[in-house]
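Let me begin by presenting the structure, written as structure tokens, before commenting on it.
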Amino acid sequence: MKYINRLFFKVTFLSVFLLLVNVKAQTTFKVNAPFAIFGMINLAIEKPLSKKISLQAEGFISPWKSFHGKNLQIYMGTLEGRYYFDEVLKKWYIGAYGSIAAFDLQKWNYYSAQPVLNEAGNPQLLEDGSIRMAERYQRGLAFIFGISGGYHFAINEKLGLDVFAGIGSTQSIYKGYLKDNNERYDNAKKWNKSGEVIPTRAGLMLTYKIQ
């Protein structure tokens, strides 16, 4: 996981650096307020490239090794291009984005403990004769490509609100583990692979024009 975390930070810092260099237009700093309530960090920087087109670099961190008893550790960097129908930071927009994420979490369908099976496919029994039950968690990398939409409300010349959501194709490589002993529950020798189309971003960001 340490290697994955280092990769995430390299990608995020490179994205922010490329966004800031040689762009003279005003910068807008953003923070996702609802996530902050739960101790998650979601920050972004957006810069206009033309009257209607902007580029945004974004970082998301959920540091929770355990959140109400569930694994919820995510490190994600995102680059998004946006097209505003009026002009940058005004009203409706659509976008396209790409993300890379490192995760150690429990998928929603693994929240409940399930029987642990032996090599023959039968439930394992504990010393007292009961069936061994365990929750499962997943650790790996995800690559996301998607489309987004949103609306930017201007409060005054400096402050605003950005309401957005996005859906994308998520391609993941991961390893699955049992929570009671941290041993792998899957049969793959190296990585599992999965792909799905799911909502991958949403929020309400408080925006502030720095320049």
Discussion item. Taking the conditions exactly as written (more than 14 Å from the chain's Cα centre (by Cα) and either open to solvent by less than 60 Å² (accessible area, probe 1.4 Å) or of a type in the set (Lys, Arg) (or both)), does Leu178 satisfy them or not?
Written reply: yes
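Only one of Tyr83, Tyr97 is free of Cβ contacts under 8 Å to residues at least 40 places away in the same chain and under 20 Å from Arg201 (Cβ atoms). Can you tell me which? It would help to see each step written out before you state the result.
Working: Tyr97 fails: free of Cβ contacts under 8 Å to residues at least 40 places away in the same chain.
Of Tyr83, Tyr97, the one residue that is free of Cβ contacts under 8 Å to residues at least 40 places away in the same chain and under 20 Å from Arg201 (Cβ atoms) is Tyr83.
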Fill in: Matching option when the condition is open to solvent by 60 Å² or more (accessible area, probe 1.4 Å) and modelled with pLDDT of 90 or more, among Lys24, Lys52, Lys2
Lys52
Worksheet item: Would you say Leu79 is at pLDDT 85 or above, open to solvent by less than 50 Å² (accessible area, probe 1.4 Å) and not charged (D, E, K, R)?
Response: no
Response to the item:
For the stretch 135-172, the count of residues that are among the acidic types (Asp, Glu) and open to solvent by 60 Å² or more (accessible area, probe 1.4 Å) equals 1
Worksheet, complete the sentence: Apart from one, (1) under 19 Å from Phe60 (Cα atoms); (2) charged (D, E, K, R); (3) open to solvent by less than 50 Å² (accessible area, probe 1.4 Å) all hold for Arg132; the odd one out is (1)
Worksheet item: What are the residue pairs meeting all of these: first residue in the stretch 135-163, first residue free of Cβ contacts under 8 Å to residues at least 24 places away in the same chain and in a loop (DSSP other than H, G, I, E, B), second residue open to solvent by less than 10 Å² (accessible area, probe 1.4 Å) and polar (S, T, N, Q), Cβ atoms under 9 Å, and 6 or more apart or on different chains?
Response: Ile155/Thr207
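The values are calculated or read from the model by the stated rules, or taken from the named source; none is laboratory data. Please read all numbers here as calculations on a predicted model, not as lab measurements. Note that each Cβ is placed from the backbone with ideal geometry, even for glycine, and that neighbours are counted across all protein chains shown. Remember, those area values only see protein heavy atoms, side chains included, never the ligands or the DNA or RNA. Shrake-Rupley method; radii C 1.70, N 1.55, O 1.52, S 1.80 Å.
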